[in-house]
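K.L.:
Sharing a structure with you now.
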Amino acid sequence: MTVGAEPLALYVHWPFCVSKCPYCDFNSHVRASVDQAQWRDALIADLAHEARVEPGRRLGSIFFGGGTPSLMPPETVAALIEAAERHWGFAPGIEITLEANPSSVEAARFADLAAAGVNRVSLGLQSLAEEALHFLGRAHDVAEGLAALETAQRAFGRVSCDLIYALPNQCEAEWERQLARALSFGTGHLSLYQLTIEPGTRFAALAAKGELHPADPDFAAGLYELTAAMTTAAGLPAYEISNHARPGEESRHNLAYWRYEYYLGVGPGAHGRRGGHATQRHRKPENWLSALARNGHGIVEETPLDPAAATVEALLMGLRLHEGVDRARIAALAGRPFDTLVDARAVDRLTREGLLSRDGQRLRVTQAGMLLLDAILAEIVL
């Protein structure tokens, strides 16, 4: 895998939730209390291992994610940021993001988290409709979510909001009203996801019993087109299939994933890609702590990146982006000419049909093609 001089991305996974999350199958992650000093020291030690393995590069982004990272003590966040800067140094304008649920308890910490060094928050509003929030299993209501958003906008220089659409029984007019309201808040970034039914989730179980009926694909496609038109008109065009931003406010951290650049992962369950290897940490907190004490890191598996598999993954990720992929970079990653990595006849045909576009060295999926992204990828990626 070849990597340029781009800054590194660092992901810090905080595993604990304060209540059972409808998306989390690990009851062991729900804790009424945590030994904060122990966890601060352990995360810093895991981070130090990554610094020893991947030295000499600056950080371009840090992302605090996982269970309920906004309930990390600000002192812990500050200590991790300070340790990261000491080990690597920061690229100019580093992006430091923290995921947060829009609860009043978490919002009360926003000012202290900003003082600790966080300069961007990703707020999981999920919906601006009470019935939808109940369906999604969220603990907050609309008023609490909007109050948290207002607090976040006062505390942080950059704010992103998540919303889910194409919900059962959602009509076009209702989503249009929600999205118009979301656009009126003035945030520079929106993550707008259609509801997907993942195997093993509560939603999958409800669908199997006939108690949940996913949106008709054609109807969902119409909502996608409406979303693209409204966000573009508001100055937040899509830069990735589900992410919209004002120019310059794209998520630098997520761009590192989609562009298949190196990123470091620390904390239970964190994944990383660096030095030609993929890393995976122990997911269960106790196992991660035991491994850290035993080995000086929480890694359960570290495997060389297979060039063929890495190339396919880079294509699958990169073609989600409006900018598409750099064919020369993909060829260098694979060690083979680009045209041997894709079905060239399918690329030619889809280009003639207006679903793909070739611009110099770049291959990208057009706006019309994004509606058929999965099918396009299946056709062209060998």
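K.L.:
Once you place label points 7 Å from the Cα toward the Cβ at Glu176 and Phe219, how far apart are they in nm?
P.N.:
1.6 nm
K.L.:
Return the sequence-ordered ³J(HN,Hα) values of region 328-334 in whole Hz as given by the Karplus equation 6.51 cos²θ - 1.76 cosθ + 1.60 applied to θ = phi - 60°, using x for Gly and Pro.
P.N.:
In residue order, the calculated couplings are 5, 5, 5, 5, 5, 4, 7 Hz.
K.L.:
For Ala233 and Asp339, compute 0.36 nm times the residue count separating them, minus their Cα-Cα distance, and round to one decimal in nm.
P.N.:
34.5 nm
K.L.:
Test of understanding: what is the full-extension gain from Ala308 to Asn295, defined as 0.36 nm times their sequence separation minus their Cα-Cα distance?
P.N.:
Values: separation 13, 0.36 × 13 = 4.68 nm, distance 3.07 nm.
Additional length available on full extension: 1.6 nm.
K.L.:
Taking R0 as 45 Å, what FRET efficiency do you get between Glu131 and Asp348 from their Cβ-Cβ distance, rounded to the nearest 0.05?
P.N.:
0.45
K.L.:
Work out Dmax and Rg for region 307-380 from the C-alpha atoms and quote the Rg first, both in angstrom.
P.N.:
11.1, 31
K.L.:
Counting only C-alpha contacts under 8 Å and six or more residues apart, can you give the relative contact order of the chain as a whole percent?
P.N.:
RCO, the chain: 15 percent.
K.L.:
Another question about this same structure. Can you work out ³J(HN,Hα) from phi for every residue in region 226-231, in order, using Karplus 6.51 cos²θ - 1.76 cosθ + 1.60 and θ = phi - 60°, giving whole Hz and x for Gly and Pro?
P.N.:
4, 4, 4, 5, 5, 5
K.L.:
Name the residues whose placed amide hydrogens come within less than 5 Å of the amide hydrogen of Gly67, ignoring near sequence neighbours (fewer than 5 apart) on the same chain.
P.N.:
Trp14, Phe16
K.L.:
When the Karplus curve 6.51 cos²θ - 1.76 cosθ + 1.60 is applied with θ = phi - 60°, which whole-Hz ³J(HN,Hα) does each residue of region 354-363 get, with x for Gly and Pro?
P.N.:
Along region 354-363, the couplings run x, 9, 10, 9, 10, 10, x, 7, 9, 10 Hz.
K.L.:
Non-local amide H neighbours of His277 (under 5 Å, H modeled in plane, Pro and chain starts lacking H): which ones?
P.N.:
Excluding prolines and chain starts, which carry no amide H, the hits are Leu305.
K.L.:
Another question about this same structure. Quick one: of the DSSP bridges fully inside the chain, what percent are antiparallel, nearest 5?
P.N.:
Antiparallel bridges make up about 40 percent of those DSSP assigns within the chain.
K.L.:
Using amide H atoms built 1.01 Å from N in the peptide plane, name the residues 5+ places from Gln194, or on other chains, whose amide H lies under 5 Å from its own.
P.N.:
Residues meeting the criterion, in which the H sits 1.01 Å from N, are Tyr165.
K.L.:
Choose one of Leu146, Leu136, Tyr239: the residue whose Cα lies farthest towards the positive end of the charge dipole of the chain (beta-carbon charges +1 Lys, Arg; -1 Asp, Glu; about the Cα centre).
P.N.:
Value computed over the given set: Tyr239.
K.L.:
Right, next: Run the helix sum for the chain: -39,500 (n - 2.57) per DSSP H stretch of 4+ residues, divided by residue count, reported at 222 nm to the nearest 500 deg cm²/dmol.
P.N.:
-12500 deg cm²/dmol
No value in this document is a laboratory result; all are computed from the given coordinates. Note that the structure is predicted; figures quoted are calculated from it, not measured. Positions of Cβ are generated from backbone atoms using ideal geometry, with glycine treated the same way; all protein chains shown enter the neighbour counts.
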